[in-house]
Each structure stands twice: as C-alpha cells, then as structure tokens.
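Below you'll find the structure, written out as structure tokens, and then a few comments.
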Amino acid sequence: MNLSYLFDITHWQLDTAGSIPQLILSHLWYVFLALAIGTAIALPAGLYIGHTGRGSFLAINAGNAGRSLPTLGLLMLMVTLLGLGLLPVLIALTVLVIPPILTSAYAGLRSLDQRVVDAARGVGMRPWQVLFKVELPMALPVLMSGVRSAALQVVATATVAAAVGLGGLGRLLIDGLAVNDYSRVLAGAIVVAVLAVLLDLVLALTQRWIVSPGLRVTR
Amino acid sequence: MITFDDVVKVYPGGGTAVDHVSLELPTGRTTVLVGPSGCGKTTSLRMINRLISPTSGRVLIDGQDVAQQDEALLRRGIGYVIQHAGLFPHRTVLDNVATVPVLVGKTRREARAAALGLLERVGLDPALAKRYPAQLSGGQQQRVGVARALAADPPIMLMDEPFSAVDPVVREGLHREFLRLQQDLGKTIAMVTHDIDEAIKLGDVVAIFRQGGTLAQVGTPQELLADPADGFVAEFVGRDRGLRSLSFDTAADLPVKPVPDDLELDGAGRPVGWRKTNETVPTGGTFTKTDSLRLVTDLAILSPVGIAVRVGEDGAADGVVRHRDLVDHLEARRSS
C-alpha cells in the first residue's frame, strides 16, 4: 500500500488546480446537483403515487429498471447524443438518484398505518394536509433511508465524470491509471470512501433532527 | 338530528353493504349501531361524515344533506373516534388533541391550552401531555382519541368501536366515564359496536343491523329486551334478556319488609352481617332505592340467608327483601 500521494502535502493546496481539496469540491458539486434534481423529480412523483395509489407499477418498475442501468454506458450514450459537458454527467447521475428516492417515498407512504390516515381525513384535514401533516412526517424514516442510499451511490459513481473530461475525484482514478500511478488511484479511492461515510453521517444527523421522536420511542 | 333517508351503499363488485336503511338519530342522545360483522354498521357511520358516499339515498344533519357540504368543514364539526384511537404517532399527546382547533384557525398556543384542560376532562394526567402516543397504554390512547374528538366542541360525535381494543377492566372504566361525560355534554352520538351488552349499556337508542345491511330493529334498550321484533333480534340480544331487562327498573317502588332481629347493626344502624349460631356472616352488599332490580336480585341470590338489605342515604338499614317478595313484585310488575 503506497499512501505517498495521499499524504503529500503539495496535493492538498487549496489554490492549486487539480489538488485533492479542489477535486473534492467539484465532486461534491456534482453529487449535490444530482441529488437536488433527482429529489425534485422523484419525491413529488413518489409522494403522488404513494398518496393516491395510482401508477404504483411505475414506482416499482422504475426502481428495478433504474438499478440495472449501467451508469457509465448511459453516460457514454448521453455524451454521444449531447456532446461533452456537465449536462450528460448530470443526466446519468440523476437517473441513478431517482429510483431509490421514488421507491422509498412510495413505500414510505404505502406502509403507513391506514387507520391513522383515516383518522386524519376523519378529523377534517384536506388531502394536502393529510399528505404534509401526517403522511410525510410519518414516512420520513423510510424516505430518508432512500435518500441516504441514493447519496451513497452517487458519491461513488460521480467518479465517472472524469471519464468525459470533467473534474471530481474520478480524476485521481483515471489519471492515476493512465500513468500507472497506483498511489494516486489509491488516494482517490480512499478519499471517495471517506467522503461517502461523512456524507452518510451528515444525512443520519439530519434524519435525527427532522424525524419526530414519537416515531422512535417505544414503551 | 341525523337522518338516514333510504340509504343504499353498493360496492363496485356487487356487495351490498347498506340496503335501504332509514333511521333517525335523536339530538343529544347516544344511538348505537350494533350487529354482526359485515352488517353495514360501520359503513353507515362513515356515511355521516362522508368518508363513504351513499350509492343512493341521503344522509341529513338537522335537515341538511351532508353531500352538499364541504367535506373537510363538515368533518371538523363532527368528532371522530376510532378503534385503536388512530392517534398521530409523530405528534405529542397535546398536539394530537389540539389538531382540530388548529385546523379551524385557533393559534397553536390557544389550542394547546384548551387541550390541556380536555386531558383532565377525559381522566388523563396532564403530565402525559408531552408524551408521544407510543408511550401510552391502550386505554390512555383511547382517552386521548376521545379528547381529540371533543377538542373543537362538536355537537356530533362518531365513535367506531371505540372501546373494543382495550381489556375488559379498562373498558369498564371507559364505559363509566363515557356515561359521565355524555351526561355533562349531551352530544349527539353515533356509536358502532359488535357488542350488544355495550350497546344496551351505553345507548339511548339501539339500532340492530343484520347481515346484508338491513335494519332488524330500532328501539330503546328496554324495548329491544322486552319485545324483540323477530328471532334474529331475540337471539342477538341474548338468552338472559329477561334478567338484563331488570337493569332498567329501579328498586324505588319495590316493597320492603322490616329489618329482622338477626341482622346485626352497628351503632349508626348500618348493617354488619347476619347472626348465625356462633358467627356473623357479612351481608355481601346492600342496595338503595335508586339501584336496579337486577342488583337487588343479584344480592338476594348471593346473600347467605337469601335476603337483600336496603339502606337509606345515611347507610342505615331500612328494610329487607326476600326471594319470595322479589318474585311477587316481578309478577305484579308484569301484570300491571
């Protein structure tokens, strides 16, 4: 195990192009964009399907189909169609984010105690109040597990951006391989792994903060 | 008054849940819908607050067709209590109770203050206010469910098997409090149960449904026990309906005999027990003029000497009833 690249201080200069901190930042930027766009699409769709029960085949099949799509292949297809740039990368990563969030939003709502939903309607909540005041808060633990799994996948997969000339931690892998610098490849792999763990930790804390204690307690 | 006007509910697929039901639920009274499972009682209840729409016929509240009213506004004016309480697990007890007042526009602060008072009203320790439903017992959850339904002070309450998910001892307590609360509040209540004893105990009016969603009989508990319309009702109210009907008659005009010498009294004239050759056996209980004939019968049967002892308001014995006197009284009551 050669950790010399990772521990070389010159690779940690914030103002040097291609330094590890800069690659982390661009990597996180892709992750953030893909998660934001993916959630913006998948969450409303999943909530709608879960709340109304309409189109549940979509939620289930999208989940399965999305998981089996090879991201690198999709990326190459997008580049062929759209040319180089950020857009094809974002499309490929967003496709990765949608299934777990869609499926968990749907499953979260479907698994709720329907008697509670019935009570919410019975006390006079309007359909959107039932969704946002009762169903969504109760489904948050399941939904957040979907978001966390999407985040983990996209952190690992965002390395493909480097394959089409963009930045991110994939640069360490691609460039390292190109010049047979395995120390650099190892550094990239380690940083990606650490980043994934840290991101999951942040999301776990967020989950703790936004999920009602009433859903955690038992007598 | 809630009126069912020739209401029919047919589900897609062909099942008839409610079959031409016409029924009136009087204002300020408890009407219990009772019957075997699949008899349409819950479907009928849920048509009152439009959780289910009738296939034909109308449901009216004080002459207004509920189908013409805004769903959410209608429901906010009708308390809704269900089996297992259906509390919101992510909200504290206090916020559960405050739900409807907040929906109708009260500030959270006002609603919570009122909710705290309601907790006491339904017999809950206000210290439970900050707990979550999962931290409460079944009986406590059911009380919170009742408090939530009462919070906006609706004139009407719908209760769907409200006491069936708790054990018999807790249920007994909830029944007592239900009757006490209803005496104070005088709500128009529609309650669904499959338990005829509960229906007879809690209902001012009992509507018995039969399988297929038709009404078998509607009447006061006394009427149902004394004069069942047909074999189904007679079977449903039970074989001991004669004895149970005694619950509705008080001992007010039951003649008593003077207190015999072998009843030992304390200094204040209160009964202590029956003197036997070398011991005193306890009386096993006493009754007053306001108690039911059923209790008197029970006491006479259980008494070691076959005599029930009546006491006055001060607890002093003022008369006794023997088996024979009781039978004579029931005989006279029947012929009158």
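Key figures for this structure:
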item: Some residue of region B:194-203 being within 14 Å of chain A (Cβ to nearest Cβ), under 16 Å from the mean Cα position of the chain (by Cα), open to solvent by less than 20 Å² (accessible area, probe 1.4 Å) and touching a residue at least 60 places away in the same chain (Cβ under 8 Å); result: no
item: Subset tally (residues that are under 19 Å from B:Thr193 (Cα atoms), assigned to a helix (DSSP H, G or I) and aliphatic (A, V, I, L, M)) for region B:218-241; result: 5
item: Counted residues, region B:18-44 - those being open to solvent by less than 60 Å² (accessible area, probe 1.4 Å) and either more than 13 Å from B:Arg210 (Cβ to Cβ) or within 19 Å of the chain's Cα centre (by Cα) (or both); result: 15
item: Filter pass, B:Val122 being open to solvent by less than 10 Å² (accessible area, probe 1.4 Å), more than 23 Å from A:Val130 (Cβ to Cβ) and touching a residue at least 24 places away in the same chain (Cβ under 8 Å); result: yes
item: Selection status of A:Ser104, small (Gly, Ala, Ser) and in contact with a Leu (Cβ under 9 Å, 6 or more places away or on another chain); result: yes
item: Pair list, Cβ under 6 Å, 6 or more apart: region A:116-136 residue at the interface with another protein chain (Cβ under 7 Å from one of its Cβ atoms) and touching a residue at least 24 places away in the same chain (Cβ under 8 Å), other residue of a type in the set (A, V, I, L, M, F, W, C) and crowded, with 21+ Cβ neighbours inside 10 Å; result: none
item: Region B:66-115: number of residues that are of a type in the set (A, V, I, L, M, F, W, C), within 11 Å of chain A (Cβ to nearest Cβ) and in contact with a Pro (Cβ under 6 Å, 6 or more places away or on another chain); result: 3
item: Qualifying residue in region B:184-204 (condition: in a loop (DSSP other than H, G, I, E, B), among the small types (Gly, Ala, Ser) and within 25 Å of B:His329 (Cβ to Cβ)); result: no
item: Region A:14-27 residues that are without any contact (Cβ under 8 Å) to a residue 60 or more places away in the chain, paired with ones that are open to solvent by 60 Å² or more (accessible area, probe 1.4 Å) and in a loop (DSSP other than H, G, I, E, B) (beta carbon under 9 Å, 6 or more apart); result: A:Ser19/A:Gln13; A:Pro21/A:Gln13; A:Pro21/A:Leu14
item: Yes/no for B:Glu264 being open to solvent by 90 Å² or more (accessible area, probe 1.4 Å) and not hydrophobic (A, V, I, L, M, F, W, C); result: no
item: Condition check for B:Arg58: open to solvent by 30 Å² or more (accessible area, probe 1.4 Å), over 26 Å from the mean Cα position of the chain (by Cα), modelled with pLDDT of 95 or more and not aromatic (Phe, Trp, Tyr); result: yes
item: Residue match in region A:139-150 (condition: open to solvent by 20 Å² or more (accessible area, probe 1.4 Å), in contact with a helix residue (DSSP H, G or I) (Cβ under 8 Å, 6 or more places away or on another chain), of a type in the set (Ser, Thr, Tyr) and not in a helix (DSSP H, G or I)); result: no
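The values are calculated or read from the model by the stated rules, or taken from the named source; none is laboratory data. Predicted model, so just to flag it, every value in this text is computed and none were measured. In this analysis, Cβ positions are derived from the backbone assuming ideal geometry, glycine residues included, and neighbour counts consider all displayed protein chains. For accessibility, only protein heavy atoms count, side chains too; no ligands or nucleic acids. Shrake-Rupley method; radii C 1.70, N 1.55, O 1.52, S 1.80 Å.
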